[in-house]
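Peer 1: I'd like to ask you about the structure that follows.
The values are calculated or read from the model by the stated rules, or taken from the named source; none is laboratory data. Computed from a predicted structure; not experimentally measured. Glycine gets a Cβ as well: all are built from the backbone with ideal geometry, and neighbour counts include every protein chain shown. For the accessible areas, the whole protein counts, side chains as well, though only heavy atoms, and no ligand, DNA or RNA atoms are used. Shrake-Rupley method; radii C 1.70, N 1.55, O 1.52, S 1.80 Å.
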Amino acid sequence: MKEKRYADVLIIGGGIMGCATAYRLAQKGIDVLVLEKKEIGNGGSCRNAGGVRQSARDPKELPLAMYAVENIWPSLSDELGVNVEYVQKGNIRLGLTEKDIKVLEAHTAKSTKVGLDVKMISGDEAREICPYMSKEIIAASWCETDGHANPLKTTLGYYKKALENGVTFITGVKVLGLQKVRGCIRKVFTDDGVYEAPKVLLCAGYESRAIANTVGIDIPVERQFNEVLVTEAMPPMFDIMLGVAGGEFYGHQSEHGSFVLGGNSGLQAFTSNNAGENFVTNSLTAPSISRGIMRYFPCLKDVKVIRTWSGWYDQCIDVLPVIDNVKEIPGLTLAFGFSGHGFGISPAVSLALSELMTDGESRTIDIKELKYDRFKTKS
């Protein structure tokens, strides 16, 4: 059989956004082709701690998070035929200082203003929810409708459903650039030749910026290194999602007992540039994350870290994604810049994208604040 080179829609990027949107478009009877440079889910989609949260988000992307939690995540395992390990037992963000409290109060005020049920609680109230916390914690924000899921299973679940619905995936193909024909998007140039489609979705993480540049579109996105620790399996201790005011670490205890804990060393400006493409966890980061975890949860000090992983996420200058059709280039749609918190909203993003690409607008979820041209100088 001759390799496929044309489709109704071509998606660049085989992460969770690409797989989920391919599935939704295929459900509408659209012929979809997905190009991925490495393996499916190799990027940030499977290299995160699995948070499904609404709290501590910018109000501009909260509609996506709230819609996903209310309408998609609860039944996603049944829809995909894969146990995505979704647990909705809340998200607690912890504070140790008065400065932390101000950060948490600001997040809470912005979220409640747009209708999210999140509140500030005292340190003692936090320890009632999770008795394992340090006595140093003086306050927290609490959103009991937040939760977590398994990123690998969710991404591959969408991939499986997309395949079942006729989507073609081609891996090991690096996209080099785009080209318009008669003013509209048409050609995708790769190291494996040219592919064509009248509609193209660009959702390749931080690499999307360079690809968009080839047709004169520039979105201020840079890569950021993300690192995660996985511990040995422990008896069940808590099923909530954890975070801290300053974002130094976050994570949860998985279904089989391991703690999955992400964080940073505070040295990303240096380590990101030296990480290469090997995804090797930096030696500075694991001790930094571990020290932070032990301050908030002293009871974990003797738990063994059995493996680590790392990867890139696409950090946008305003820490918000771009999800939009490009009006100067009919047929081109952008979805990147998720800034380390795309996993939880991915089911809703795929719905918004499927509507953008077929109806010209997202009718179900309000994404007007996430347009690509928000960075242009206003005259």
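Peer 1: Per the Debye formula with a single identical scatterer at each Cα and no solvent contribution, what log10 I(q)/I(0) holds for the stretch 113-262 at q = 0.09, 0.16, 0.18, 0.19 Å⁻¹?
Peer 2: Taking Cα atoms of the stretch 113-262 as identical point scatterers yields -0.53, -1.04, -1.14, -1.21.
Peer 1: Helix 98-113 versus the longest principal axis of the chain: what is the Cα-based angle in degrees, 0 to 90, to the nearest 10?
Peer 2: 50 degrees
Peer 1: Among DSSP beta bridges lying fully in the chain, give the percent that are antiparallel, nearest 5. Working shown, then result.
Peer 2: Numbers: 48 of 68 bridges.
If I count the DSSP bridges inside the chain, around 70 percent turn out antiparallel.
Peer 1: Taking the inverse of the average 1/r across all pairs of different Cα atoms in the stretch 144-208, what Kirkwood radius in Å do you get?
Peer 2: Details: mean 1/r = 0.0688 Å⁻¹.
Here the Kirkwood hydrodynamic radius works out to 14.5 Å.
Peer 1: What does the net charge come to around SER208 if you take all other residues with beta carbon closer than 14 Å to its beta carbon, with K and R at +1 and D and E at -1? Could you put the intermediate results ahead of the total?
Peer 2: Numbers: positive: LYS37, LYS174, ARG209, ARG223; negative: GLU36, GLU207, ASP218, GLU222, ASP314, ASP324.
Local charge sum for SER208: -2.
Peer 1: Right, another one. Using a 1.4 angstrom probe on the protein heavy atoms only, line up GLU227, GLU36, GLU70 by accessible area, largest first. Before the final figure, lay out the partial values.
Peer 2: Values: GLU227 0, GLU36 25, GLU70 120 Å².
Most to least solvent-accessible, the answer reads GLU70, GLU36, GLU227.
Peer 1: Compute the angle between helix 285-296 and the longest alpha-carbon principal axis of the chain, please, reported from 0 to 90 degrees and rounded to the nearest 10.
Peer 2: Orientation of helix 285-296: about 40 degrees from the principal axis.
Peer 1: For helix 151-164, report the angle its Cα long axis makes with the longest principal axis of the Cα atoms of the chain; keep it between 0 and 90° and round to the nearest 10°.
Peer 2: On a 0 to 90 degree scale, this one is about 30.
Peer 1: Could you work out how far the C-alpha centroid of the stretch 346-376 sits from that of the stretch 75-116, in angstrom?
Peer 2: Cα centres, the stretch 346-376 to the stretch 75-116: 22 Å.
Peer 1: Apply the Karplus parameterisation 6.51 cos²θ - 1.76 cosθ + 1.60, with θ equal to phi minus 60°, to every residue of the stretch 194-202 and state each ³J(HN,Hα) to the nearest whole Hz, in sequence, with x for glycine and proline.
Peer 2: So the Karplus estimates, Gly and Pro as x, are 9, 10, 9, 6, x, 9, 10, 9, 9 Hz.
Peer 1: Further question on the same structure: Under 12 Å from the Cβ of PRO236, count the other residues' Cβ atoms, weight Lys and Arg +1, Asp and Glu -1, and hand me the total. Could you put the intermediate results ahead of the total?
Peer 2: Numbers: positive: LYS89; negative: ASP239, GLU255.
Counting the neighbours of PRO236, the net charge comes to -1.
Peer 1: Which value, in Å² rounded to 10, gives the accessible area of ASP314 with a 1.4 Å probe and all protein chains present?
Peer 2: 20 Å²
Peer 1: Using a cut-off of 12 Å between beta-carbons, work out the net charge of the residues near GLN88 (Lys and Arg +1, Asp and Glu -1, GLN88 not included). Walk me through the numbers on the way to the answer.
Peer 2: Values: positive: ARG53, LYS89; negative: GLU70, GLU85, GLU144, ASP146, ASP239.
The answer is -3.
Peer 1: Which one, SER310, GLY216, ALA68, is farthest towards the positive end of the dipole of the chain when Lys and Arg carry +1 and Asp and Glu -1 on their Cβ?
Peer 2: After comparing all options, I get GLY216.
Peer 1: I would also like to ask the following. Return the ratio Rg/(2.2 N^0.38 Å) for the stretch 1-109, where Rg is computed over Cα atoms only. Don't skip to the answer; put the middle values down first.
Peer 2: Working: Rg = 18.3 Å, N = 109, 2.2 N^0.38 = 13.1 Å.
Normalised by 2.2 N^0.38 Å, the Cα Rg of the stretch 1-109 equals 1.40.
Peer 1: Can you put ARG182, ARG374 in order of accessible area, largest first, using a 1.4 Å probe? Mind dumping the intermediate values first?
Peer 2: Working: ARG182 235, ARG374 55 Å².
So, going from the largest accessible area down, we get ARG182, ARG374.
Peer 1: Within the stretch 101-209, which GluC sites (Glu not before Pro) sit in a loop by DSSP and count at most 16 neighbouring Cβ atoms inside 10 Å?
Peer 2: Values: sites: GLU105, GLU125, GLU128, GLU136, GLU144, GLU164, GLU196, GLU207; in loops: GLU136, GLU144.
Filter output for the stretch 101-209: GLU136, GLU144.
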